[in-house]
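Read through the structure below, which is laid out as structure tokens, and then see the notes.
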Amino acid sequence: MNSLPGQMMQMPLLISSLITHAARHSGDTEIVSKRVEGDLHRYTWSEAELRSRKLAQALVKLGCQTGDRVGTLAWNGYRHLEIYYGTSGNGLICHTVNPRLFPQQITWIINDAADRVLCFDLNLLPLVEKIAADCKTVEHFVLLGGRSQMPAQTTIPNLLCYEELVEAENGDMVWPTFDENTASGICYTSGTTGDPKGAVYSHRSTVLHSYAAAMPDAMNINSRDVVLPVVPMFHVNAWGIPYAAAMVGCKLVFPGPHLDGKSLYELFEAEQVTFSAGVPTVWLGLLTHMQTHRLKFSSFRCTVIGGAACPPSMIDTLEDDYGVEVVHAWGMTELSPLGTLSRLRAKHLGLPKEDQRRLLAKQGKAIFGIDMRIVDGAGTALPWDGSVSGDLQVQGHWVVNTYFGISGSPLQDGWFPTGDVATIDANGFMQITDRSKDVIKSGGEWISSIALENLAVGHPAVHQAAVISVAHPQWGERPLLTVVLKPGASATREELLAFYAGKIPNWQIPNDVIFLPELPHTATGKIQKLKLREAFRNHQWSQP
Ligand code: AMP
């Protein structure tokens, strides 16, 4: 067969094109950042683009070459944004590191990625002083601040000042053109099983992910939005928002490290934020603040909630009490991260509200660019009937093929095994029932810990809940409910267990309740069930 080549321009999908577009077509649109010091910094996309070019020049002067990794330990802010573009745009690799990890994990990740430069925020100076000597590959440490913020004394060798580096350049460079499959960024998985693994994104995967993220059935953001990513820029690139925002040319608002309910609420109101995204725990803090002070939003219209299961009661509160549309999303570091989002189809619009909410509480439908399936232990595809659960596998333009520095591929039969267990219904709505390592198997039957947690947080006295599997002499395993009560609220074990009655089959109701002052969380805000399982491994059931 004689194929006819397409006759379109060949333009590689490069990250630099996103910020060039924002600067040319929305150049005066603002980027507002709450700095570590607490003040607000304001500038525009065109200034961000110019300073990204200056940073690119400065990094070349420091000796950085194509493919070199530049690490960041930083909160959401304009300088971090400049590093995103100033590195990738010039062929370097932006490696965001989570400052909330243990110092040994941070050094392990920095050494594994062989970062040559490490840029960090002012309040992380003590952390970097602690780890600097162990970061064997880092040649330059850069403090993200001005001359007046540089410490008089530090143990960090040759500490550089970010503002001085940027100010010394003239921006007289043109973003280079290269292969769109070149690596652009690295994020490490949280490493709850074994060492963390680096997912290496490409320019192509990142730009395609941005298109998908902005689409109406995904985040649905446009140039009129004011977007505040609560999700950190070190958690899978703030779910792609810094790229998608440039693509649509919207105003961006960065909260810095100030993620408590009061600070967030004040920033949402002052900057008239319309769209946000984050894990369920941050919304708990914001809602508690708003409920305590009887506050309302004046501009906030929609938020994406993901990274961990969003309890249906949180969707009800945000939608019914605050008029904020909630889009429940599922994704992973290995998926850049977006995989599915929950939005109704046309045929669901006439359904009663409760039925619509049941659908919206699921993790949702695959967006174009991602395909998914559930399989049994033998790898056989399972039906989409909403009740059979299996191992969730995905394929797509922004799914990892291999991990950084690890030989062999994690793929099975061309599919990436997510480690999640899920159902998919006839409408294509996927629902996560568990991480495969968190499943509860009682008397040969699966019980979804997420379903039990979602019900528990619907109880008026419960602030947070986690259900874990604990060995049981008769049933093999049984669910144990651990809860944190709301401040000033009270509830007994019997009341909480009775709350399940009639909502799920009796045999799925947890056998016991443990009241805790707080739940252990990972550095990205997920409940650490491993820790809970270890703590309650020998739990004595109060009733058989
Ligand atoms: P990470 O790569 O650290 O973002 O973690 C990805 C994992 O978080 C997924 O494999 C899921 O286990 C979990 N996760 C992400 N989003 C959701 C969600 N909406 N509901 C339940 N679990 C989720």
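Let's see how each residue does on (1) surrounded by 15 or more Cβ atoms within 10 Å (Cβ to Cβ); (2) under 27 Å from Val174 (Cα atoms):
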residue	(1), (2)
Met1	no, no
Ser16	yes, yes
Arg35	yes, no
His41	yes, yes
Lys54	yes, yes
Ser88	yes, yes
Leu101	yes, no
Trp108	yes, no
Take the conditions within 16 Å of the ligand (Cβ to nearest atom) and either open to solvent by 30 Å² or more (accessible area, probe 1.4 Å) or among the basic types (Lys, Arg) (or both) and apply them to Gly396. Does it pass? yes
Of the numbered conditions (1) among the aliphatic types (A, V, I, L, M); (2) in contact with a Pro (Cβ under 8 Å, 6 or more places away or on another chain); (3) at pLDDT 95 or above, Ile370 fails exactly one; give the number of that condition. (2)
When the residues of region 468-483 are narrowed to those that are under 19 Å from His521 (Cα atoms) and not hydrophobic (A, V, I, L, M, F, W, C), which ends up modelled with the lowest pLDDT? Ser469
Considering Thr317, Thr340, Thr333, Thr274, which residue is hydroxyl-bearing (Ser, Thr, Tyr) and without any contact (Cβ under 8 Å) to a residue 40 or more places away in the chain? Thr317
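Matching residues to (1) within 16 Å of the ligand (Cβ to nearest atom); (2) in contact with a Gly (Cβ under 9 Å, 6 or more places away or on another chain); (3) at pLDDT 90 or above:
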{"position": "Gly488", "(1), (2), (3)": "no, no, yes"}
{"position": "Arg493", "(1), (2), (3)": "no, no, yes"}
{"position": "Leu496", "(1), (2), (3)": "no, no, yes"}
{"position": "Phe499", "(1), (2), (3)": "no, yes, yes"}
{"position": "Ile504", "(1), (2), (3)": "no, no, no"}
{"position": "Asp512", "(1), (2), (3)": "no, no, yes"}
{"position": "Glu518", "(1), (2), (3)": "no, no, yes"}
{"position": "Glu534", "(1), (2), (3)": "no, no, yes"}
Go through Gly350, Gly364, Gly369 for me and flag whichever is within 16 Å of the ligand (Cβ to nearest atom) and of a type in the set (Gly, Ala, Ser). Gly364
Looking at (1) free of Cβ contacts under 8 Å to residues at least 40 places away in the same chain; (2) open to solvent by less than 10 Å² (accessible area, probe 1.4 Å); (3) at positive phi, can you tell me which one Asn158 breaks? (2)
Ile374 surrounded by fewer than 16 Cβ atoms within 10 Å (Cβ to Cβ) and β-branched (Val, Ile, Thr): no
Of the residues Leu338, Leu284, Leu318, only one is among the aliphatic types (A, V, I, L, M) and in contact with a Gly (Cβ under 8 Å, 6 or more places away or on another chain); which? Leu338
Exactly one of Arg345, Arg357 is within 16 Å of the ligand (Cβ to nearest atom) and open to solvent by 30 Å² or more (accessible area, probe 1.4 Å), and that residue is Arg357
Counting only residues that are within 16 Å of the ligand (Cβ to nearest atom) and modelled with pLDDT of 95 or more, give me the strands (runs of 3 or more DSSP E) lying completely in region 182-278 with at least 1 of them. 183-188, 198-202, 226-229, 275-278
What number goes with the only condition from (1) under 24 Å from the mean Cα position of the chain (by Cα); (2) of a type outside the set (Phe, Trp, Tyr); (3) open to solvent by 30 Å² or more (accessible area, probe 1.4 Å) that Leu532 does not pass? (3)
Being modelled with pLDDT under 95 and open to solvent by less than 30 Å² (accessible area, probe 1.4 Å): is that true of Asn76 here? no
Leu124 fails exactly one of the following numbered conditions: (1) closer than 20 Å to Ile186 by Cβ; (2) open to solvent by less than 10 Å² (accessible area, probe 1.4 Å). What is the number of that condition? (2)
Looking at Lys130 and the list (1) in contact (Cβ under 8 Å) with a residue 12 or more places away in the chain; (2) open to solvent by 40 Å² or more (accessible area, probe 1.4 Å); (3) part of a loop (DSSP other than H, G, I, E, B), which single condition is not satisfied? (3)
Working only within region 297-311, note down all residues that are within 12 Å of the ligand (Cβ to nearest atom) and not in a strand (DSSP E or B). Gly306, Gly307, Ala308, Ala309, Cys310, Pro311
What is the one condition in (1) among the polar types (S, T, N, Q); (2) within 16 Å of the ligand (Cβ to nearest atom); (3) farther than 29 Å from Leu360 by Cβ that Asn401 does not satisfy? (2)
All-but-one check, Arg294 against (1) open to solvent by 10 Å² or more (accessible area, probe 1.4 Å); (2) assigned to a loop (DSSP other than H, G, I, E, B); (3) at pLDDT below 95, failing number (3)
(1) among the β-branched types (Val, Ile, Thr); (2) touching a helix residue (DSSP H, G or I) at 6+ places or on another chain (Cβ under 6 Å); (3) assigned to a loop (DSSP other than H, G, I, E, B); (4) under 26 Å from Ser17 (Cα atoms) all hold for Ile156 apart from (4)
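Within region 466-483, take every residue that is open to solvent by 10 Å² or more (accessible area, probe 1.4 Å) and assigned to a strand (DSSP E or B) and give me the one that is nearest to Gln363 (Cα to Cα).
Residues of region 466-483 that are open to solvent by 10 Å² or more (accessible area, probe 1.4 Å), as a first pass: 469, 471-478.
Subset that is assigned to a strand (DSSP E or B): 469, 471-472, 476-478.
Working: Ser469: 22, Ala471: 29, His472: 31, Gly476: 29, Glu477: 26, Arg478: 25 Å.
Restricting to residues being open to solvent by 10 Å² or more (accessible area, probe 1.4 Å) and assigned to a strand (DSSP E or B), the top hit is Ser469.
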Which residue out of Glu334, Glu319 is within 10 Å of the ligand (Cβ to nearest atom) and in a helix (DSSP H, G or I)? Glu334
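Collect the residues in region 18-33 that are among the small types (Gly, Ala, Ser) and either within 16 Å of Val174 (Cα to Cα) or under 24 Å from the mean Cα position of the chain (by Cα) (or both), keeping them in residue-number order.
Let us first name the residues in region 18-33 that are among the small types (Gly, Ala, Ser), namely 22-23, 26-27, 33.
The answer is Ala22, Ala23, Ser33.
The values are calculated or read from the model by the stated rules, or taken from the named source; none is laboratory data. Everything numeric here is computed off the predicted structure, so don't read it as measured data. Every residue, glycine among them, receives a Cβ derived from its backbone with ideal geometry; neighbour counts consider all protein chains shown. Heads up: the accessible areas ignore ligands, DNA and RNA and are worked out on the full protein's heavy atoms, side chains in. Shrake-Rupley method; radii C 1.70, N 1.55, O 1.52, S 1.80 Å.
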